[in-house]
Structure formats: C-alpha cells, structure tokens
1. For the condition modelled with pLDDT of 70 or more and over 24 Å from residue 166 (Cβ atoms), what is the one hit in 81, 67, 46, 87?
2. Considering every residue within the range 93-106, establish whether at least one is modelled with pLDDT of 70 or more and either outside any loop (DSSP other than H, G, I, E, B) or more than 19 Å from residue 194 (Cα to Cα) (or both).
3. Give, as residue ranges, the strands (runs of 3 or more DSSP E) completely inside the range 117-227 that count at least 3 residues that are within 23 Å of residue 59 (Cβ to Cβ).
4. Report, by residue number, each residue of the range 129-152 that is without any contact (Cβ under 8 Å) to a residue 24 or more places away in the chain and within 11 Å of residue 64 (Cα to Cα).
C-alpha cells in the first residue's frame, strides 16, 4: 500500500478523534505507525492519548457497504455494459475522454458557485472524511445532532443503494430540504433517472421529515445564474 493510503487513515483518525470515536481513532493511528516512513512524534502522542480514552468514547464511524450507487445506476441506464464493468471489471471501463472530463469540471465549478451563494458555510462530507466507505456513518452522526446544518455531499444508503446529495439542509426541527445541482439548462432523461432514484432513497431515509426535494438548473447566460424547481411529490 502506498503512503496516500496511510495518510487517508491519518485524516480519518483525526476526524474520529474530533468526534469522540477514540477506539476507531486509536486503531487507525496504530495502523499508520506500522509504516516506518510515517512515524512522527505527533502521531505517537495521538496514539497514546486515544489509547487512554478509547474506552470512554462511543463507536460512531463505520464502513458501510453498498451494491449500487446513483452514478452507476444512471450510467447503467444508458449502457448496460458499463454497469457490468463498473461492478465486476472496473479496470476494463473506457477511460473518460478529455471532452467529457471538461464537462464534468464545468459542472463541479457551477455546483461550487451555487453552494457558495445559496448555501454558504456547509460541511463538505467528501472533504472532511476522505474515505468513501465512511461517508454514510459520518452523515448519520451529523444528522442526529439537534441543530440546523447544511451538508454538501451528504451520503445516504438505503437497501444497499448509495446516493450523495449535492446540498442537504436540516432545520432545527428536523425537517430536511435537498437540492440537486445540474449545470444543464433543462432536464433530460439522465437527470430524470438521477432524480427518481435520489428521491426514492431520500424519501425512505427521511419519510415525512423530507420537506422538499429540489432541482437547480443553470439559466443560459454569460454569468452563472440558476433557477430552483421544487420536485417534491
């Protein structure tokens, strides 16, 4: 395993320590310290500290598995071969071409602009956690807190199907508003399939607490503009 793998462990361990999951943090620090090149006095101190605290904390972070992600579902609707390769032979998938990658990058840029202006100050699950398998448990940890919060890339798994919400806003009284951001100017079949699965998973997770489910589309213009459409049933 390369050093990046262990550095991700350090990031996850620091998060576990921050939220009081000392046992898991201790386990990760110990694993990292097995890699001689990464041994530091700071890590040794963190190991000792979490060793002392590990029976006082509570288990929060866990690796949660899934069989189908929203992105695989959407792409699988367009090409069944892609779905098969994504599930069983990832290395044989056709690499993303330059034009497609550029389109993805534009979409992420638009998403960032919308978040900054409409939903500032959110917690980015992807950036905070790093390791994909722990996104769901960290999302659950945050949602269980009785306060208003805004999450980017909130991750939900129901019936072994994983979806990530571009923006999730939870109010003080526990109601949830979800926003999916698309850089397209109008909905197409792929977006429709995306929203159907996303809504089904979110509805199962939040039930009557799901107050609204919204689509944000780009308005064709020289500067970033958008409109919000409420898609709640």
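The values are calculated or read from the model by the stated rules, or taken from the named source; none is laboratory data. The structure presented is a predicted model; accordingly, all values stated were derived computationally and were not measured. Every residue, glycine as well, gets a Cβ built from its backbone with ideal geometry; the counts of neighbours run over all protein chains shown.
1. Numbers: 81 fails: modelled with pLDDT of 70 or more; 67 fails: over 24 Å from residue 166 (Cβ atoms); 87 fails: modelled with pLDDT of 70 or more.
Selected residue: 46, the only one of 81, 67, 46, 87 that is modelled with pLDDT of 70 or more and over 24 Å from residue 166 (Cβ atoms).
2. We begin by selecting, within the range 93-106, every residue modelled with pLDDT of 70 or more; these are none.
No, that holds for no residue.
3. Numbers: elements: 149-158, 161-170, 176-182, 210-219.
Counting at least 3 such residues, we get 149-158.
4. 132
Residue-by-condition table, conditions (1) modelled with pLDDT of 95 or more; (2) farther than 17 Å from residue 54 by Cβ; (3) part of a helix (DSSP H, G or I); (4) touching a helix residue (DSSP H, G or I) at 6+ places or on another chain (Cβ under 6 Å):
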{"residue": "1", "(1), (2), (3), (4)": "no, yes, no, no"}
{"residue": "4", "(1), (2), (3), (4)": "no, yes, yes, no"}
{"residue": "16", "(1), (2), (3), (4)": "yes, no, yes, yes"}
{"residue": "24", "(1), (2), (3), (4)": "yes, no, yes, yes"}
